[in-house]
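Just so it is clear, none of the values below were taken in a lab; they were calculated from the coordinates. Just so we're clear, the structure is a prediction, and the values are computed from it rather than from any experiment. For neighbour counting, all protein chains shown are included, and Cβ atoms are generated from backbone atoms with ideal geometry for every residue, glycine included.
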């Protein structure tokens with residue numbers, strides 16, 4: 001059986017996207033999803049998304065990590081599936097859709113920019129040298145004066161597989177404050193490697209930067225290895241609302257692949 005797929009990327013965070021409104025694609029087939037995401041033997045991606053129908057919202061987003069398992073929220077994936085819905089003609093420049101962590105609003109701007117509203121963050125755990133919070137996915141955040149000296153894969157994997165996190169896993173972010181924003185490098189669970197950008201991780205890092213610098217509202221420009229993004233927010237203590245993740249969501253190519 002052949003199925004049509006689309007490839008999208010958001011600041012280098014890349015995804016296979018499938019229009020599954022007719023239910024033809026088996027989202028329970030872990031091995032098949034992992035094979036499609038494999039960079040040597042498949043299409044290659046950090047994750048796969050299914051766009052499905054919903055009676056009340058514009059669509060449903062189902063997100064799967066590169067290991068084939070259905071996962072928690074993906075911010076860059078959310079922005080890319082909004083761009084995909086626009087390409088399909090399902091939406092104009094504004095949308096409301098359902099993801100695993102609830103309802104999200106988004107709007108499409110010029111030049112492939114998509115602005116995605118994230119869920120409120122009710123609390124942030126502050127440790128001696130780290131922050132831990134959930135922005136749709138769990139994130140460990142550590143600040144550094146020079147993140148270029150950090151082996152992101154080695155250190156990220158060590159934290160992700162530490163006694164506290166080994167069972168459920170966590171994403172790990174290394175953050176450096178800059179005069180005009182922050183720089184973020186991320187190790188992602190499920191991918192089990194560094195990715196060029198992580199939307200929920202960039203969001204988490206910006207919120208922690210707000211706590212660290214005492215910023216109550218506004219935005220942080222964010223530099224990831226795959227490109228530039230921006231996070232805006234309102235803060236009350238360690239609680240955040242009106243969180244928006246903005247950045248590129250770009251169509252790369254489309255094609256057909258035979259599913260076995």
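Ratio of the range 128-187's C-alpha Rg to 2.2 N^0.38 Å, to two decimals?
1.11
Would you mind ranking 148, 155 by Cβ crowding within 10 Å, fewest neighbours first?
Listed from fewest to most nearby Cβ atoms, that is 148, 155.
Give the percent of DSSP beta bridges with both residues in the chain that are antiparallel, rounded to the nearest 5.
85
Arranged by the count of other C-beta atoms within 10 angstrom, fewest first, what order do 57, 139, 69, 104 take?
69, 57, 104, 139
Take peptides 110-116, 127-133 and line them up by average Cβ neighbours within 10 Å, highest first, as a rough protection proxy.
Listed from highest to lowest mean packing, they are 110-116, 127-133.
May I have the pair-distance distribution P(r) for the range 125-242, computed from all Cα-Cα distances with 10 Å bins from 0 and rounded to whole percent?
Binned Cα distances yield the sequence 15, 51, 30, 4.
I'd like the antiparallel share, as a percent to the nearest 5, of DSSP beta bridges with both residues in the range 120-173.
65
Calculate the translational D of the range 61-136 in whole µm² s⁻¹ from Stokes-Einstein, where the hydrodynamic radius comes from the Kirkwood formula applied to all Cα pairs, the temperature is 37 °C and the viscosity 0.692 mPa s.
Stokes-Einstein gives a translational diffusion coefficient of 238 µm²/s.
Among (i) 53, 37, 28; (ii) 68, 50, 35; (iii) 57, 48, 40, only one was calculated for this model; which label is it, if the read-out is Cα extents along the principal axes in Å?
(i)
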